[in-house]
1. Order of 100-112, 67-79, 41-53 by packing, highest average Cβ count within 10 Å first?
2. Work out how much length residue 26 to residue 45 would gain on full extension: take 0.36 nm times their residue separation and subtract the Cα-Cα distance, in nm to one decimal.
């Protein structure tokens, strides 16, 4: 069986089988977190990772907002001018843009453009 680059990349990152190829930080185990942190740390890139671990009762949207509240100003401090994030649908994409606008209004960020993109299958 010929193995593709995509397959090899998935194996390196420890991607799951059984159709659940994306996973989610919130539902992953601590061992998986440690594994993924190690993989990211070894990549030959500059990276900024924001993780928020709130109470189980927190809604996922609140967690996303809190992460963006930290991530977006940090990106502008690094000189980032464009950010592409995964689209979550029109309503949720609007919430992300609203968060960006709120940070602009508080003068916490300037010059950052946000675009949502569909997940590549």
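1. On the way: 100-112: 13.0, 67-79: 15.2, 41-53: 9.5.
Top of the packing list down: 67-79, 100-112, 41-53.
2. Values: separation 19, 0.36 × 19 = 6.84 nm, distance 2.44 nm.
Gain on stretching residue 26 to residue 45: 4.4 nm.
Each reported figure results from applying straightforward, stated rules to the coordinates on display, with no laboratory input. The shown structure was predicted, so the numbers you read here are calculated from the model rather than taken from an experiment. Here the Cβ is made from the backbone with ideal geometry for all residues, glycine too, and neighbour counts use every protein chain on show.
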